[in-house]
1. I'd like the distance between the alpha-carbon centres of the range 2-56 and the range 201-239, rounded to an integer number of Å.
2. Provide the packing ranking of 61-69, 7-15, i.e. peptides ordered by the mean count of other C-beta atoms within 10 Å per residue, highest first.
3. Enter the accessible area per residue of the range 28-135 (Å², integer; probe 1.4 Å; all protein chains in place).
4. Show me the chymotrypsin sites (Phe, Trp or Tyr not before Pro) within the range 133-239 that DSSP assigns to loop and that have at most 11 other Cβ atoms within 10 Å of their Cβ.
5. Here are a few candidate values for Cα extents along the principal axes in Å: (1) 57, 38, 37; (2) 49, 45, 40; (3) 67, 49, 29. Which one was actually calculated from the structure I just gave you?
6. Leaving out ligands, DNA and RNA, what percent of the accessible area of the range 162-239 is carbon and sulfur, probe 1.4 Å?
7. Please give the calculated 222 nm ellipticity per residue for the chain, where each DSSP H segment of at least 4 residues contributes -39500 (n - 2.57) and the sum is spread over every residue; nearest 500 deg cm²/dmol?
8. Using square roots of five times the C-alpha gyration tensor eigenvalues, list the equivalent-ellipsoid semi-axes of the range 1-128 in whole Å, biggest first.
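The values are calculated or read from the model by the stated rules, or taken from the named source; none is laboratory data. Everything numeric here is computed off the predicted structure, so don't read it as measured data. All Cβ positions, glycine included, derive from the backbone under ideal geometry; neighbour counts span all protein chains shown. Ligands, DNA and RNA are stripped out before the accessible areas are found, and what is left, the full protein with its side chains, is counted by its heavy atoms. Shrake-Rupley method; radii C 1.70, N 1.55, O 1.52, S 1.80 Å.
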Amino acid sequence: MEGYIVAAGNYRMEEFGTVHVTVRRTARSIRARWKGARLEVSAPTGIAASEVLSALRVFAPRMYAAKPPRMYSPGDCLVFPEVTVHIDSRDDSPSKISYEIEGSDWHIRVGKAWDFDSHDTMLAISDSICRMARRAAPSILLPYAAEVAEEIGVSPIMWSVSNGHRVLGHCSARREIALSYVLIFLPERLRRFIICHELAHLSEMNHSARFHALCDTYLGGCEAELKAELKAFRFPFIR
């Protein structure tokens with residue numbers, strides 16, 4: 001990296017492994033933060049690569065202290081309401097990562113060539129978890145959503161499952177509700193929170209005081225508590 005003007009892209013550093021650099025015209029200084037197992041660096045346009053390296057080496061002690069723990073490790077069992085994800089090493093195909101669904105047990109087998117401290121490995125495992133969840137979500141989420149709607153006494157024209165990670169639910173003006181497949185990872189009380197939120201939109205298509213009062217009624221007076229709990233929830237994939 002030394003000896004030239006830094007450009008956006010991925011670089012290898014002995015101290016940090018793969019470092020992703022973004023060059024920003026509006027940046028005034030070098031900033032760094034962890035995103036999963038990868039260090040993300042923002043640098044001003046026109047800065048010398050040697051300056052970035054020097055800054056990162058100064059940052060190193062603080063960055064090591066702030067590095068998040070591994071998202072996944074060999075032998076992990078990630079337990080969710082209906083499924084358990086098992087993450088194991090495999091000896092037969094060192095360069096491969098495979099996944100398999102066996103009823104309520106989901107298996108991800110990671111070849112020995114993959115480094116569990118690498119961001120690429122974390123992304124590959126995250127992608128495998130999400131692929132399995134997309135397959136399983138309709139049969140798990142939609143019957144439960146219909147039960148909640150029947151209990152409350154309101155119902156959309158149609159339920160569906162969407163692929164969004166950040167938008168967990170959506171109610172259209174046509175009274176169709178889509179729930180993100182990632183609700184499969186939530187405990188029942190938080191799934192119910194998302195579903196009741198969207199059901200309240202059947203009556204109030206905004207986030208007015210009347211909307212929140214209705215949603216709070218559907219949730220037995222726990223809307224604020226559940227909203228805070230959802231905000232703190234850690235999903236088992238890289239968003």
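1. So the separation of the two Cα centres works out to 38 Å.
2. Working: 61-69: 10.3, 7-15: 12.1.
Per-residue mean Cβ counts within 10 Å order the peptides as 7-15, 61-69.
3. Details: 5700 Å² over 108 residues.
Each residue of the range 28-135 exposes 53 Å² on average to a 1.4 Å probe.
4. On the way: sites: TYR144, TRP159, TYR181, PHE185, PHE193, PHE211, TYR218, PHE233, PHE237; in loops: PHE233, PHE237.
Passing sites in the range 133-239 are PHE233.
5. Evaluating Cα extents along the principal axes in Å on these atoms matches (3).
6. Numbers: 2110 of 3920 Å².
Of the solvent-accessible surface of the range 162-239, carbon and sulfur hold 54 percent.
7. Working: 5 runs with 85 residues, N = 239.
Value at 222 nm, helices only, nearest 500: -12000 deg cm²/dmol.
8. Working: eigenvalues 253, 42, 31 Å².
Semi-axis lengths for the range 1-128 are 36, 15, 12 Å.
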